[in-house]
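The values are calculated or read from the model by the stated rules, or taken from the named source; none is laboratory data. Here the structure is a predicted model, which means the values were calculated and not measured. Virtual Cβ from ideal backbone geometry, glycine too; neighbours counted across all protein chains shown.
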Amino acid sequence: MTCDKCDSCGGEKTYSNQVVMPINGKVRCIDWCIHQIVASLNAGGVKTVACCCGHGKQDGRIDLEDGRVLIIKKKQDK
């Protein structure tokens, strides 16, 4: 998954486009590409503890409080 709001992990473009969200009583900065997924999980009672969209270079991931990890597969080149 890539979007026009990401560059490298921690890159200037990614950092300036992160979405600030309250999660589990703390303010977190979430990558633009996956912020709606993270918000939906938390709103539905599935607590998240970490995430990264992968920035088009690797698979993204959303780590859940219970130890599971949701993998967001990188778009495959055709």
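For region 8-19, name all the residues that are out of contact with any strand residue (DSSP E or B) (no Cβ under 6 Å at 6 or more places or on another chain) and surrounded by fewer than 17 Cβ atoms within 10 Å (Cβ to Cβ). Walk me through it before giving the result.
Restricting attention to region 8-19, the residues satisfying the condition of being out of contact with any strand residue (DSSP E or B) (no Cβ under 6 Å at 6 or more places or on another chain) are 8-17.
Of everything in region 8-19, those that are out of contact with any strand residue (DSSP E or B) (no Cβ under 6 Å at 6 or more places or on another chain) and surrounded by fewer than 17 Cβ atoms within 10 Å (Cβ to Cβ) turn out to be 8, 9, 10, 11, 12, 13, 15, 16.
Does any residue in region 15-27 that is part of a strand (DSSP E or B) come within less than 8 Å, Cβ to Cβ, of a residue that is hydroxyl-bearing (Ser, Thr, Tyr) six or more places away or on a different chain, and which pairs are these?
From region 15-27, the pairs are 23/48.
Name every residue in region 36-78 that is assigned to a loop (DSSP other than H, G, I, E, B) and closer than 21 Å to residue 10 by Cα, in order of residue number. I'd like the intermediate steps shown before the answer.
Filtering region 36-78 for residues assigned to a loop (DSSP other than H, G, I, E, B) gives 44-47, 53-59, 65-68, 73-78.
The answer is 53, 54, 55, 56, 57, 58, 59, 73, 74, 75.
Listed here are the residues, each with its yes/no results for (1) of a type outside the set (D, E, K, R); (2) farther than 20 Å from residue 76 by Cα.
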site	(1), (2)
17	yes, yes
23	yes, yes
27	yes, yes
39	yes, yes
49	yes, yes
55	yes, no
63	no, yes
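Out of everything in region 45-78 that is among the basic types (Lys, Arg) and modelled with pLDDT under 95, what residue ends up being surrounded by the most Cβ atoms within 10 Å (Cβ to Cβ)? If you could, list the steps in order and put the result at the bottom.
Taking region 45-78 as the starting set, the residues that turn out to be among the basic types (Lys, Arg) are 47, 57, 61, 68, 73-75, 78.
Cutting the leftovers down to modelled with pLDDT under 95 gives us 57, 73-75, 78.
Details: 57: 13, 73: 9, 74: 16, 75: 10, 78: 3.
Among those that are among the basic types (Lys, Arg) and modelled with pLDDT under 95, it is 74.
Under 9 Å between Cβ atoms, which residue pairs at least 6 apart in sequence (or on different chains) link something in region 50-78 that is on the phi > 0 side of the Ramachandran plot with a partner that is of a type in the set (S, T, N, Q)?
Cβ pairs passing all conditions: 54/2; 55/2; 55/8; 55/14; 56/2.
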